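Reading through the structure tokens given below for one structure.
The values are calculated or read from the model by the stated rules, or taken from the named source; none is laboratory data. Keep in mind that this is a model prediction, so the values were computed, not measured. We place every Cβ from the backbone using ideal geometry, glycine too, and count neighbours over all the protein chains shown.
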Amino acid sequence: MFRIKFSVAVTQFITAAVGAAVLLSGSVLADEVKPSFSDYSQALKAEAKAKGYSNDLLEQVFSSLTFHERVVSADKSQPEFVETLDTYLPKRVSEIRISMAKERYVKYLPELTKIGNKYGVQPRFIVALWGLESSFGRFMGNYSVPSALATLAYEGRREAFFKKEFFHALDILAAGHISFADMKGSWAGAMGQSQFMPSSFMAYAQDGDGDGKMDIWTNQLDVFASIANYLKQQGWDNDKTWGRRVLLPDGFDPAHAIAKGSLQRGEWLKRWQQSERSLSQWHALGVKRINGADLPQRDINAALIFPDGENGQAYLAYENYKVLMHWNKSYYFVTSVGYLADLIVAKDAS
Ligand SMILES: [Ca+2]
């Protein structure tokens, strides 16, 4: 409250001192419309207090809440060149990442097998997501999550979304899963080794080792169980794989693929339905595995996806592909997960 009164007083002083001409200039008016980050965080604190968070928690969080200019610039940055899967995959799924994934898979196989069986998820997908989200826990982001989320809420483009995430972050702290000092994440507020947003943490995080905390930052069993639980809750089927890259015959009608357009869930699922056919129907249309062999003879439905349009790579996507698109609605991300999982081990190649 003191800060708000102070800034009003300063504004009045400046106004009085420099006169009416400056008062009418755009910059002064714009400054008055947008509150300072400090004012904004005070209002946010009042809102949190009204929601019933404890004073101790609020003092801890708000006494060090910081505006991060770099968070804003990262949110606004655009890719500098046009990426295709041919350029993206070797970067995201590099030789070093592949060998690390294989090494981690072997190292944690007993734990991964137990958790994989419990949730019904093949361990290679747990390891692939772990590797692509945080490079196996090595890069989780170093921003204080509440500060990153408050900065993005203050920036205003998606205020309601980031405010909701901010309050979920307070919920996680209030429940004692992680200390405030250790609640680190990406500039966008994605947390821990699985890079869950706070809302995903609330929905999917698990206590894999049974110590009462869901620690996706430092506890490997909690990380694996949380990733597996996310996939399970979204309908993962561990009897099937994610999909596969395919060869199309000359003269293939590209209209069979999922039509281009928004990846918003509802619209995308409708276009999926229009493309979806059984593997035997795709076989009849001349679609083959990337090595030229016939498709598996299994009763499986799949949709056809062109991540780079009809002149780029083609993929038959199974039901599990939809689950990965729920995790991150990006054909490139999902393809990199499946591609890496297949390189770790391909025991269920259908
Ligand atoms: Ca735990």
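Tabulated values for the structure
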| item | result |
| --- | --- |
| Residue check, Ala150 touching a Pro at 6+ places or on another chain (Cβ under 6 Å), away from the ligand (no atom under 16 Å from the Cβ), assigned to a helix (DSSP H, G or I) and over 21 Å from Met325 (Cβ atoms) | no |
| Hey, Tyr230 touching a residue at least 12 places away in the same chain (Cβ under 8 Å) and either within 30 Å of Arg277 (Cβ to Cβ) or of a type in the set (Lys, Arg) (or both) or not | yes |
| Output for region 170-179, where each listed residue is surrounded by 16 or more Cβ atoms within 10 Å (Cβ to Cβ) and not in a helix (DSSP H, G or I) | His177, Ile178 |
| Qualifying residue in region 67-80 (condition: closer than 30 Å to Asn320 by Cβ, part of a helix (DSSP H, G or I) and not charged (D, E, K, R)) | no |
| Residues located in region 84-127, provided they are surrounded by 14 or more Cβ atoms within 10 Å (Cβ to Cβ) and acidic (Asp, Glu) | Glu111 |
| Residue within region 245-262 that is among the basic types (Lys, Arg) and at pLDDT 95 or above present | yes |
| Single residue of region 62-78 satisfying the filter (charged (D, E, K, R) and in contact with a Phe, Trp or Tyr (Cβ under 9 Å, 6 or more places away or on another chain)) that is surrounded by the fewest Cβ atoms within 10 Å (Cβ to Cβ) | Arg70 |
| Top-ranked residue in region 267-289 [being within 16 Å of Val246 (Cβ to Cβ) and free of Cβ contacts under 8 Å to residues at least 12 places away in the same chain; ranked as surrounded by the fewest Cβ atoms within 10 Å (Cβ to Cβ)] | Ala284 |
| Residue within region 131-150 that is surrounded by fewer than 18 Cβ atoms within 10 Å (Cβ to Cβ) and over 16 Å from the mean Cα position of the chain (by Cα) present | yes |
| Test set (1) crowded, with 22+ Cβ neighbours inside 10 Å; (2) in contact (Cβ under 8 Å) with a residue 40 or more places away in the chain - Phe201 fails condition number | (2) |
| Which listed residue is out of contact with any strand residue (DSSP E or B) (no Cβ under 8 Å at 6 or more places or on another chain) and aromatic (Phe, Trp, Tyr), from Trp282, Trp242, Trp268 | Trp268 |
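Here is a yes/no grid of residues against (1) within 19 Å of Val71 (Cβ to Cβ); (2) of a type in the set (Phe, Trp, Tyr); (3) more than 16 Å from the ligand (Cβ to nearest atom); (4) in a loop (DSSP other than H, G, I, E, B):
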residue	(1), (2), (3), (4)
Gly189	yes, no, yes, yes
Gln193	no, no, no, yes
Ala203	no, no, yes, no
Asp207	no, no, no, yes
Gly212	no, no, no, yes
Thr218	no, no, no, yes
Leu221	no, no, no, no
Ala225	no, no, no, no
Ala228	no, no, no, no
